[in-house]
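First comes the structure, then the notes that go with it.
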Amino acid sequence: MEKQQISFTLTLYEDPADLPKVLKGLLKKAEDSRKNAYAPYSNFKVGAAVLLENGEVVIGNNQENASSPSGLCAERVAIFQAGARFPGVSIKAVAVSAGSSKAKVDKPATPCGNCRQAMSEYEYKQQSPIEIVMAGETGPVYHCSSISDLLPLPFSNSDLK
Ligand code: THU
């Protein structure tokens with residue numbers, strides 16, 4: 001029997017102004033995109049921005065539906081759009097911004113399990129890490145240097161032999 005410890009580093013920016021410039025800019029695009037979310041059921045609006053290695057930024061926001069499973073989270077709207085528009089171009093970073101008209105979101109929204117799995121697919125496909133920054137309306141900003149930090153031991157194409 002052997003026990004293995006799997007750990008990751010979560011960087012917390014108490015002051016978002018301290019974020020590296022590129023990530024600060026990307027987070028601003030996620031915030032802007034959040035305003036256009038379609039979230040009449042939860043009133044929880046999320047924006048995402050995906051930075052590609054060619055410098056393009058692709059945005060997304062959550063799109064809800066009266067039949068709730070038919071809606072989609074901001075992260076998947078953005079990353080699927082990136083895959084559709086720029087196939088074969090690697091993703092460097094994803095920024096996620098959450099806000100609500102019901103109560104101030106004072107901590108980062110971390111992606112749901114489905115979004116982690118979806119983003120993990122892109123990381124596997126490109127064989128290089130995708131950084132992710134996550135923020136609420138106030139409070140700290142979280143940074144992880146890879147999606148695999150959020151989803152260790154992922155199921156991937158390598159399992160489909
Ligand atoms: N949501 C996202 O878009 N991303 C997240 O990281 C968390 C949750 C959306 C899904 C749904 O439209 C609303 O937020 C409430 O769950």
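The values are calculated or read from the model by the stated rules, or taken from the named source; none is laboratory data. It should be emphasised that the depicted structure is a prediction, and the values quoted were computed from it without experimental measurement. Cβ placement follows ideal geometry from the backbone for every residue including glycine, while neighbour counts extend to all protein chains displayed. Please note that ligands, DNA and RNA were not included when accessible areas were found on the heavy atoms of the full protein model with its side chains. Shrake-Rupley method; radii C 1.70, N 1.55, O 1.52, S 1.80 Å.
Per-structure values
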{"item": "Residue within segment 74-96 that is over 24 Å from E14 (Cα atoms), assigned to a loop (DSSP other than H, G, I, E, B) and touching a helix residue (DSSP H, G or I) at 6+ places or on another chain (Cβ under 7 Å) present", "result": "yes"}
{"item": "Residue list for segment 54-71, restricted to those being assigned to a strand (DSSP E or B), open to solvent by less than 40 Å² (accessible area, probe 1.4 Å) and near the ligand (Cβ under 10 Å from one of its atoms)", "result": "G60, N61"}
{"item": "Considering residues of segment 72-112 that are of a type in the set (G, A, S), free of Cβ contacts under 8 Å to residues at least 60 places away in the same chain and near the ligand (Cβ under 10 Å from one of its atoms) only, the residue surrounded by the fewest Cβ atoms within 10 Å (Cβ to Cβ)", "result": "S100"}
{"item": "R34 being within 10 Å of the ligand (Cβ to nearest atom) and either farther than 21 Å from N114 by Cα or not hydroxyl-bearing (S, T, Y) (or both)", "result": "yes"}
{"item": "Tally of residues being more than 16 Å from the chain's Cα centre (by Cα) and either more than 15 Å from L19 (Cα to Cα) or open to solvent by less than 50 Å² (accessible area, probe 1.4 Å) (or both) across segment 129-139", "result": "1"}
{"item": "Condition broken by A30, with the remaining ones in (1) open to solvent by less than 20 Å² (accessible area, probe 1.4 Å); (2) in contact with a helix residue (DSSP H, G or I) (Cβ under 6 Å, 6 or more places away or on another chain); (3) among the hydrophobic types (A, V, I, L, M, F, W, C) satisfied", "result": "(2)"}
{"item": "Breaking point among (1) under 17 Å from the mean Cα position of the chain (by Cα); (2) over 20 Å from G47 (Cα atoms); (3) open to solvent by 40 Å² or more (accessible area, probe 1.4 Å), for S158", "result": "(1)"}
{"item": "Total residues in segment 11-31, condition in contact with a strand residue (DSSP E or B) (Cβ under 6 Å, 6 or more places away or on another chain), away from the ligand (no atom under 15 Å from the Cβ) and not in a strand (DSSP E or B)", "result": "5"}
{"item": "Members of segment 107-131 that are within 15 Å of S97 (Cα to Cα) and part of a helix (DSSP H, G or I)", "result": "C115"}
